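Reviewing the structure listed below.
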Amino acid sequence: MFIPFGGSPPLRHKSFSDVGQVQRFLSERAMHSCFYSTAYWRRPHELKMGDKLWQGADLIFDLDGDHLPGVTDKDFPGMLEVIQEQAWTLWNDFLEPEFGFQENYLQVTFSGHRGFHLHYRDPRLFHLDSEARRELVSHIRGEGVDVQGGLARYHDGDAKGWTERIRNGMDDMISTLRSIHRGEERAGGQLKRLETALQSLQEREGVTSQRSAAAIKKLAELTDHDGRIQRLKDGRFDVLGNYQGLFLNLLKADASVVLGNAGETDEVVTIDVRRQIRWPTSLHGKSGMRVSEFPLARLDPDGAAPYNPLNEAFVLGLDDAHQMEWTVDDAVAQFGEVRMESKQGERFSIHESGATFLVLKGWATFV
C-alpha cells in the first residue's frame, strides 16, 4: 500500500515481482508513506481480499511511545528513550525467555516516528489466527494476572514471569508513593502518571475502584510507614483498609512497574493477520525520518552500541540553511547532539532534516 502526497486515496492491491519493479514505481511517483503486507498470499495481485488466498502472516509487535501512560511525543527524545527500553524489555523479558522466540527469525526496525517494530517470521507461527495472537498480547500486558497471589509469594526467590515482575514492582510502587506523600520534586509527575495508568486499566478491564488524585495521596500517606510497609511485604494487604484494592490496581496499572515491564504493545497490529506495516528504508510521512532496520543487540539501551534514531534516522541534508519559526510552546526535538526546545514565535535556523521533521510535526513553519 502507498499513500500519495496531497490527500489522495491510498493505492492498494499493488504487487511486484522483484525489488527493481518497486524502485521504478517509486521513482516515477514519490509517495508520502510506503507499506507492505505482513500477510502471505497465493494470489496477491487480486483486487478482492477473498480471491487473494491467505496463506499466513508474520507476527508483528508495534510499540509506540505515545501509547504509554504519561508519555507524550512533544518530548520527542524522551519518548524515544522510554519506548526503546520497552521494546528491549519486550524481547528480553518475554518473547525470548517465556515464548522461546529465536533471534534468527527476528527483524527489528525503528518505525521512523514514535517507536519500534519487532517482526517475527517463524514459519511455525504463520498460521496463528487473531485469537491466538491476542492471547500472546494479553499475557504480555498482564491481563488477568493475580496481583495479590503474586505478592503473597513476595519472598519466593525462585519466582519467575509475572510473579517476579509483581514482586519487583512492589518496591518501586512503595518508593513512588512515598515520594508523592513527601512532596519530592518529581511527585507531581508521578501522581499524574499513576492517575493516567489507572484510567488506562479501567478502559482495558473495566476497573472502577478509586482512581482520583485524592485517593492516591491518601494511599501514599498510608504507605509512608516502615511497619506498615513490612506488613505489606508479608502479604498483609488489609493494613491499607479501603485502599487495598487501589494499591493492587496501581501495581497492575503502573506503566513503570508491571505493564511498563511488559511493553505497551499495540494489540491491533499484533492480532491483525492482514496488517500493513511500514517499509524499511522508506521515509515516514509524519516525520521525514527513515524506517530503519538494525541488529537486535543494538535495541538494548545499555548495550555496547545502542541504536540512536536521533543520530541515525535523519537522512536528508544536515547543513543549516532554513529560517523557521516555532508555532508551538514546550516541544522538545533533538537532531544528533543538538537539542531544541520550542517557544512560539521564536525564529531559528535549521538544516533540511530538522526543517522537514518540524514542519511535518506541525511544530514550526518556514519564514
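Since every read-out is calculated from the coordinates, none of them should be taken as a lab result. Being a predicted model, the structure only gives us computed values, none of them experimental. Neighbour counts run over all protein chains shown; Cβ positions are idealised from the backbone, glycine included.
Overview of values
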item	result
Helix-only [θ]222 nm of the chain, DSSP H runs n ≥ 4, -39500 (n - 2.57) each, per residue, nearest 500	-11000 deg cm²/dmol
Shape category assigned to the range 322-366 from the gyration tensor of Cα positions, a/c cut at 1.5	rounded
Summed side-chain charge close to Gly183 - residues other than Gly183 whose Cβ falls under 12 Å, Lys, Arg +1, Asp, Glu -1	0
Charge tally in the Cβ shell below 14 Å around Ser353, where Lys, Arg are +1 and Asp, Glu are -1, Ser353 excluded	-3
Prolate/oblate/rounded call for the range 46-102, Cα gyration tensor, a/c under 1.5 rounded	oblate
Protection-proxy order for peptides 283-289, 141-147, each taking the mean of Cβ atoms within 10 Å per residue, highest first	283-289, 141-147
Rough spin-label spacing in nm, given labels placed 7 Å along Cα→Cβ, for Arg12 and Asp329	4.3 nm
Dipole magnitude of the range 82-182, debye to nearest 20 (Cβ charges: Lys/Arg +1, Asp/Glu -1, about Cα centre)	340 debye
Lys, Arg +1 and Asp, Glu -1 on Cβ, resulting dipole of the chain about Cα centre, debye, nearest 20	920 debye
Prolate/oblate/rounded label for the range 1-148 (Cα gyration tensor, a/c 1.5)	oblate
Residue-span extension gain [His225 to Arg182] - 0.36 nm each, minus C-alpha spacing	14.3 nm
Size of electric dipole in the range 322-366: Cβ of Lys, Arg +1 and of Asp, Glu -1, about Cα centre, debye, nearest 20	60 debye
Radius 13 Å from Cβ of Phe5, net charge of other residues (Lys, Arg +1; Asp, Glu -1)	+2
Protection-proxy order for peptides 230-241, 269-280, each taking the mean of Cβ atoms within 10 Å per residue, highest first	269-280, 230-241
Relative exposure of Glu352, Glu98, judged by other C-beta atoms within 10 Å (fewest first)	Glu98, Glu352
Centre separation in Å (Cα based) which lies between the range 327-350 and the range 1-61	36 Å
Selected from Ile229, Ala297, Phe357, residue furthest toward positive end of dipole (the chain; charges at beta carbon)	Phe357
Nearest-ten-degree value, helix 244-253 long axis tilted from longest Cα axis of the chain	20 degrees
Set Lys217/Lys343; Lys160/Lys361; Lys192/Lys233; Lys192/Lys286; Lys14/Lys361 screened for pairs whose C-alpha atoms are more than 31 Å apart	Lys217/Lys343; Lys160/Lys361
Spacing of the two label points (7 Å from each Cα toward its C-beta) at Lys286 and Ala214, in nm	3.7 nm
Highest-MSF residue in the chain out of Leu136, Leu128, Leu11 [GNM, Cα springs under 10 Å]	Leu11
Calculated over the chain: convex hull of Cα atoms, volume per residue (Å³)	170 Å³
Cα-based helix-to-principal-axis angle, 76-89 vs the chain, degrees rounded to 10	70 degrees
Crossing angle, helix 161-181 versus the chain [Cα axis fit, 0-90 degrees, rounded to tens]	70 degrees
